[in-house]
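This report concerns only the one structure given below.
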Amino acid sequence: GGGLELAMGCNYRLASATTQLALPEVKLGLLPGAGGTQRLPRLIGAKSALKMIVSGEPVDATRARELGLIDEIIDGDFLTGTLAFAHRIASTTKHPVASRRTITLDDGETIFTAARSEATKSRRGFRAPLECIACVEASLALPFEQGLVFERERFSSLLADGQSKALRHLFFAEREATKVPGLPPGTAPRPIERVAVVGAGTMGTGIAMCFADAGIPVTLIESRSDALERASSTLRGNYAASVAKGRLAQAQIQRRLELITGSLAYDDLRDVDLVIEAVFEDMSVKHAVFERLDAMCKPGSILATNTSRLNIDAIAARTSRPQDVIGLHFFSPANVMRLLEIVRGAKTAPEVIATSIQLARRIGKIVAVVGVCEGFVGNRMLTPYMREAGFLLEEGSMPQQVDRALYDFGMAMGPLAVSDLAGLDISWQARKRLSTARPAHLRYSTVADRICELGRFGQKTGSGYYRYAPGSRTPLPDPEIDLLIQRCAAESGIRRRAIGDQEIVERTIYALINEGARILEDGIAQRASDIDLIYVHGYGFPAWRGGPLFYADTVGLDKVHSRIRQLHEEHGEHWKPAPLLERLAGEGGRFNQI
């Protein structure tokens with residue numbers, strides 16, 4: 001960051017072998033504003049500078065030396081090596097200064113066009129990468145001093161922009177999330193050297209990869225040999241993809257595969273420090289697993305469940321050691337998604353929470369510690385979000401319009417395309433489980449259930465809300481679904497109408513906000529910023545909007561509350577404003593100030 005920009009103003013740069021060098025400002029919605037966009041291209045060339053500045057990723061000392069960013073790597077005592085270097089160049093009459101260098105780039109226009117195209121695609125909606133590119137381009141077109149003026153203008157514009165404020169909010173939210181109210185200071189975590197995962201499906205294998213990638217031995221437990229064989233094939237396929245993309249070398253893959261051991265025997269759980277259950281989302285199945293874990297695992301072993309919705313306390317009650325039970329809700333694909341929702345039960349011991357937080361950081365996850373309720377934070381909020389998507393379909397929208405409106409808002413995917421990707425049968429199972437608790441007088445959309453009754457479970461069956469060509473993940477509109485939606489609307493006595501994109505966004509996003517306010521008031525989430533982290537890193541909410549509750553703060557809680565009151569009048573009890581939202585709106589408050 002600023003340290004590297006200062007160093008680039010010097011004649012020479014020396015580094016120890018372990019040094020990492022980066023200009024990471026783009027990750028906070030900014031650009032290097034102290035001359036970095038003008039000096040770096042003059043030191044290492046425009047192509048390499050573009051890559052460093054637009055990605056924000058670090059380079060090590062060896063690569064920095066190759067690029068010309070540093071002049072020498074100092075081995076041994078740094079002061080001694082530095083003095084030796086200074087003596088060596090003391091008699092030199094020319095000491096290079098970056099600002100006096102000129103840059104030539106024959107294919108400059110092509111390079112900058114390609115960089116903008118890539119940034120628009122990979123960082124959709126973000127301003128900062130495009131401004132970084134403009135500044136590097138200015139380093140070729142303008143004299144150094146004018147380039148500095150241009151850089152400062154663009155930096156100031158980004159600093160005042162809502163995107164940078166949102167990204168800075170998330171930056172600090174990550175650090176706050178590890179602070180758990182009520183956790184005694186100095187709580188010592190338990191040592192974790194060996195881990196086991198029960199269930200070798202897609203989620204279980206992804207979780208196993210998380211630990212192997214961090215160098216932690218993991219045992220993958222299954223009840224059938226064919227399931228273990230499929231898991232082995234999945235693991236090798238996932239790692240092969242990393243090799244093909246140049247992210248890992250074959251030797252690294254082999255070391256990681258050697259850390260994962262498949263087993264059909266629960267006896268292999270006797271010595272593990274942590275076991276994570278990742279079996280089918282059914283309470284009776286999980287009860288049976290935890291009864292076996294309780295009998296098999298050593299004292300002090302942490303018993304974790306990967307459930308995304310079920311009651312952790314009810315699971316813990318089937319063991320003789322509820323203090324050792326915790327929820328570790330990974331998001332799919334577990335080896336890719338950075339979020340880990342840590343669910344503390346009523347009796348979960350403080351050291352188990354501390355261990356889970358430390359372990360999450362060890363395997364590179366962003367954590368949010370939450371309480372027990374149906375769906376915890378993420379999936380509890382997902383329920384009203386999907387509810388409104390279903391209602392909008394019945395009232396006049398089609399799947400592609402709902403998804404496009406939310407994609408244009410900045411969501412990674414629309415809700416219906418996401419459902420097809422995740423598998424419609426999973427949420428269908430949850431709806432059937434909760435059907436007896438659903439008040440009969442409340443409106444309920446049958447669209448999703450009717451789709452599932454046709455055996456359309458999404459991409460895995462080739463059809464869901466959309467249809468999919470063999471071997472393709474591209475959602476294609478399906479006239480059969482259009483007719484099904486129209487039938488459901490007619491059966492419910494709903495007259496369909498034209499619905500605008502703004503209404504789609506407001507009804508789905510404001511439903512998230514209203515439920516988030518209830519969760520915060522219920523104490524399920526510790527702070528508003530934790531909810532924002534969960535939705536950005538687990539559910540594809542645009543980071544440059546800061547998360548649903550930060551977004552509500554930027555819109556203005558008075559305006560959000562007013563619109564929700566209007567929706568309450570139009571659509572009934574589902575839209576009753578959350579008391580916390582009502583109070584903060586009346587006080588002129590913000591979610592992220594309580």
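Please note which strands (runs of 3 or more DSSP E) are completely contained in region 261-379 and include at least 3 residues that are more than 24 Å from PRO181 (Cβ to Cβ).
On the way: elements: 274-277, 302-305, 325-330, 339-343, 366-370.
Counting at least 3 such residues, we get 274-277.
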Exercise. THR102 passes all but one of (1) touching a residue at least 60 places away in the same chain (Cβ under 8 Å); (2) of a type in the set (S, T, N, Q); (3) open to solvent by less than 50 Å² (accessible area, probe 1.4 Å); which number fails?
Worked result: (3)
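Name every residue in region 23-54 that is part of a loop (DSSP other than H, G, I, E, B) and buried (at least 19 other Cβ atoms within 10 Å of the Cβ), in order of residue number.
LEU23, GLY29, LEU30, LEU31, PRO32, GLY33, ALA34, GLY35, listed by residue number.
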Problem set entry | Test result for ALA188, touching a residue at least 60 places away in the same chain (Cβ under 8 Å), within 15 Å of ALA278 (Cβ to Cβ) and either open to solvent by less than 40 Å² (accessible area, probe 1.4 Å) or in contact with an Asp or Glu (Cβ under 7 Å, 6 or more places away or on another chain) (or both) | no
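What number of residues within region 121-147 are under 35 Å from the mean Cα position of the chain (by Cα) and either in contact (Cβ under 8 Å) with a residue 40 or more places away in the chain or surrounded by 14 or more Cβ atoms within 10 Å (Cβ to Cβ) (or both)?
Taking region 121-147 first, the residues under 35 Å from the mean Cα position of the chain (by Cα) are 121-139.
Applying the additional criterion that residues be either in contact (Cβ under 8 Å) with a residue 40 or more places away in the chain or surrounded by 14 or more Cβ atoms within 10 Å (Cβ to Cβ) (or both) yields 123-139.
Qualifying residue count for the region: 17.
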Problem set entry | Complete set of residues in region 476-496 that are touching a residue at least 60 places away in the same chain (Cβ under 8 Å) and out of contact with any Ser or Thr (no Cβ under 7 Å at 6 or more places or on another chain) | PRO477, ILE481, ASP482, ILE485, ALA489, SER492, ILE494, ARG496
Problem set entry | Residue that is surrounded by the most Cβ atoms within 10 Å (Cβ to Cβ) [pool: residues in region 148-176 that are free of Cβ contacts under 8 Å to residues at least 24 places away in the same chain and within 14 Å of ARG39 (Cα to Cα)] | PHE150
For this session: Scan region 470-484 for residues that are aliphatic (A, V, I, L, M), surrounded by fewer than 12 Cβ atoms within 10 Å (Cβ to Cβ) and part of a helix (DSSP H, G or I) and jot them down.
Result: LEU483
Problem set entry | Options PHE541, PHE591: the member that is within 13 Å of ALA173 (Cβ to Cβ), more than 20 Å from the chain's Cα centre (by Cα) and either touching a residue at least 24 places away in the same chain (Cβ under 8 Å) or surrounded by fewer than 24 Cβ atoms within 10 Å (Cβ to Cβ) (or both) | PHE591
For this session: Quickly run through region 386-409 and pick out the residues that are open to solvent by less than 10 Å² (accessible area, probe 1.4 Å), touching a Pro at 6+ places or on another chain (Cβ under 8 Å) and either under 21 Å from GLY546 (Cβ atoms) or hydroxyl-bearing (Ser, Thr, Tyr) (or both).
Result: LEU406
Problem set entry | Some residue of region 308-325 being under 20 Å from ILE531 (Cα atoms), open to solvent by less than 10 Å² (accessible area, probe 1.4 Å) and either in contact with a Ser or Thr (Cβ under 7 Å, 6 or more places away or on another chain) or not polar (S, T, N, Q) (or both) | yes
For this session: Exactly one condition in (1) outside any loop (DSSP other than H, G, I, E, B); (2) surrounded by fewer than 20 Cβ atoms within 10 Å (Cβ to Cβ); (3) not basic (Lys, Arg) is not met by ALA64; state its number.
Result: (2)
For this session: Taking only region 564-581 into account, find how many residues are closer than 23 Å to LEU533 by Cα and without any contact (Cβ under 8 Å) to a residue 24 or more places away in the chain.
Result: 0
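The values are calculated or read from the model by the stated rules, or taken from the named source; none is laboratory data. Everything numeric in this text was worked out from a predicted model, so none of it was measured. Neighbour counts run over all protein chains shown; Cβ positions are idealised from the backbone, glycine included. The accessibility values were calculated without ligands, DNA or RNA, using every heavy atom of the protein model including side chains. Shrake-Rupley method; radii C 1.70, N 1.55, O 1.52, S 1.80 Å.
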